[in-house]
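The values are calculated or read from the model by the stated rules, or taken from the named source; none is laboratory data. Bear in mind the structure is a predicted one, so any value in this text is a computation, not a measurement. Ideal geometry is used to build each Cβ from the backbone, glycine not excepted, and the neighbour counts take in all protein chains shown.
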Amino acid sequence: MARKTAQPEDGILVTRNLVKRFGQAMVLDNISLAIEEGKTTVIIGPSGCGKTVFMKHLIVLERPSAGEVFFHGKRIDHLHERDLAKIRMQFGFCFQMSALFDSLTVYENIVFPVRQHYKAVDEKALDELVKQKLAMVGMDGYQQHYPAELSGGQKKRVALARGIALNPEVILYDEPTTGLDPITSDVINELILKLQRELKITSVVVTHDMNSAYKIGDRIIMFHKGKIIADGDAEHIRNHPHDVVQQFIQGKVGEAELAALRLGGTRFETQFMPEDFR
Ligand SMILES: Nc1ncnc2c1ncn2[C@@H]1O[C@H](COP(=O)(O)OP(=O)(O)OP(=O)(O)O)[C@@H](O)[C@H]1O
Ligand SMILES: [Mg+2]
């Protein structure tokens, strides 16, 4: 089924015929997608299929090889860095491995983006802002802790608090639950839902975690080989007829991957002899 080319006014963020190549490799092959304001759009797909690269295009951390990116109907992919900096202020990021600064306290981590963007800031107002943002993620009281003193889930929550420090319109999350246990992952899911409900934030979430995708996604989009192969709500994705989609959501290995593993297995057996393990 051919997809309709998205138009600039179709969503808060729109990509039109977006193509990205790295050398010979075609990573994004004509992606037209309109992201709806106030909703949570989830992007899934196998490792290396271009999810992070796509997300970077939404704030022009990568420039397209062809095609366009629009924010509020305005083309942004060709803007200069200085103009992009202003636009990026309206975004919160929670990127893959979104590292907090280890040498800074939780407090300093959260005020970092604020100090970057505003020259003069009232210290009292900052204290209040940090308190409010940490309270939103259930971490008020941890202001003076260093990241090394926090668990993985607590770090993600602080990263989220930092992501909302500038009251963004849009938050981009890249693998927010990766590496967390199921219960902690669910805390992050609930937080994403809460931010969307209470702050009416538009969220774009890249994830491998189908539980998370079903729970938070108003719409789930699957990328495969640089194209969109599925697009719809959780029900649509669960019942999708395409094998590749079913294999992915059920966590099954496809035939091609199995064949590659079998080949690898033969090599593996001949590489190691029993005496290697004595
Ligand atoms: N700066 C770059 N230069 C060259 N190739 C790149 C660059 N960034 C990404 N790629 C390639 O683009 C492809 C897509 O990468 P991307 O990081 O978007 O994958 P992904 O879907 O986010 O995977 P994962 O689920 O593992 O995070 C990969 O083949 C990657 O090697
Ligand atoms: Mg990625």
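What is the number of the single condition among (1) away from ligand 1 (no atom under 16 Å from the Cβ); (2) at pLDDT 95 or above; (3) over 16 Å from LYS225 (Cα atoms); (4) more than 18 Å from the chain's Cα centre (by Cα) that GLU37 does not meet?
Status for GLU37: all satisfied but (4).
Of VAL19, VAL42, VAL14, VAL53, which residue is over 28 Å from GLU198 (Cα atoms) and in contact with a Phe, Trp or Tyr (Cβ under 9 Å, 6 or more places away or on another chain)?
None of the other options fit; the residue is VAL53.
Taking only segment 179-223 into account, find how many residues are closer than 19 Å to GLN250 by Cβ and crowded, with 16+ Cβ neighbours inside 10 Å. Break it down into steps so the answer makes sense when it comes.
Going through segment 179-223, the residues closer than 19 Å to GLN250 by Cβ turn out to be 182, 185, 207-215, 217, 220-223.
So of that shortlist, the ones also crowded, with 16+ Cβ neighbours inside 10 Å come out as 185, 207-210, 212-215, 217, 220-223.
Residues flagged as closer than 19 Å to GLN250 by Cβ and crowded, with 16+ Cβ neighbours inside 10 Å within segment 179-223 amount to 14.
Check PHE112 against each of (1) closer than 25 Å to THR184 by Cβ; (2) surrounded by fewer than 14 Cβ atoms within 10 Å (Cβ to Cβ); (3) within 22 Å of the chain's Cα centre (by Cα) and name the one condition it does not meet.
So the condition that PHE112 fails would be (2).
List every residue pair whose Cβ atoms lie under 7 Å apart, where the two residues are 6 or more positions apart in sequence or sit on different chains, the first residue falls within segment 40-56 and is among the basic types (Lys, Arg), and the second residue, located anywhere, is more than 8 Å from ligand 1 (Cβ to nearest atom).
Hits for this filter: LYS51/ILE43.
Taking only pairs six or more apart or across chains, which ones have beta-carbon atoms under 8 Å, a first residue in segment 168-187 that is closer than 13 Å to ILE216 by Cβ and modelled with pLDDT under 95, and a second residue that is surrounded by 19 or more Cβ atoms within 10 Å (Cβ to Cβ) and of a type in the set (Lys, Arg)?
Sorted first by the residue in segment 168-187, then by its partner, the pairs are PRO176/LYS156; THR177/LYS156; VAL187/ARG157.
Take ARG21 and decide whether it is farther than 20 Å from GLY163 by Cβ, in contact with a strand residue (DSSP E or B) (Cβ under 9 Å, 6 or more places away or on another chain) and either more than 12 Å from ligand 1 (Cβ to nearest atom) or at pLDDT below 95 (or both). Working first, answer last.
Values: farther than 20 Å from GLY163 by Cβ: yes; in contact with a strand residue (DSSP E or B) (Cβ under 9 Å, 6 or more places away or on another chain): yes; either more than 12 Å from ligand 1 (Cβ to nearest atom) or at pLDDT below 95 (or both): no.
The answer is no for ARG21.
Being β-branched (Val, Ile, Thr) and either closer than 12 Å to LEU160 by Cα or within 23 Å of the chain's Cα centre (by Cα) (or both) is the filter here, so list the residues in segment 94-109 that pass it.
VAL106
Any residue in segment 131-148 that's on the phi > 0 side of the Ramachandran plot: show its pairings with residues that are of a type outside the set (Phe, Trp, Tyr) at Cβ separation under 7 Å, as long as the two are six or more apart or on different chains.
As it stands, the answer is GLY138/ARG157, since those pairs meet every condition given.
Grab the strands (runs of 3 or more DSSP E) fully contained in segment 1-109, keeping just those with 1 or more residues being within 16 Å of ligand 2 (Cβ to nearest atom) and crowded, with 21+ Cβ neighbours inside 10 Å.
13-22, 25-35, 40-44, 91-94
Going through segment 156-179 one residue at a time, which ones are of a type in the set (A, V, I, L, M, F, W, C) and within 16 Å of ligand 1 (Cβ to nearest atom)?
LEU172
Residue check: is LYS225 among the basic types (Lys, Arg) and within 16 Å of ligand 2 (Cβ to nearest atom)?
yes
Does GLU128 satisfy being acidic (Asp, Glu) and under 21 Å from LYS86 (Cα atoms)? Please lay out each step first, then the result.
Details: acidic (Asp, Glu): yes; under 21 Å from LYS86 (Cα atoms): no.
No; evaluated as a whole, the condition is false for this residue.
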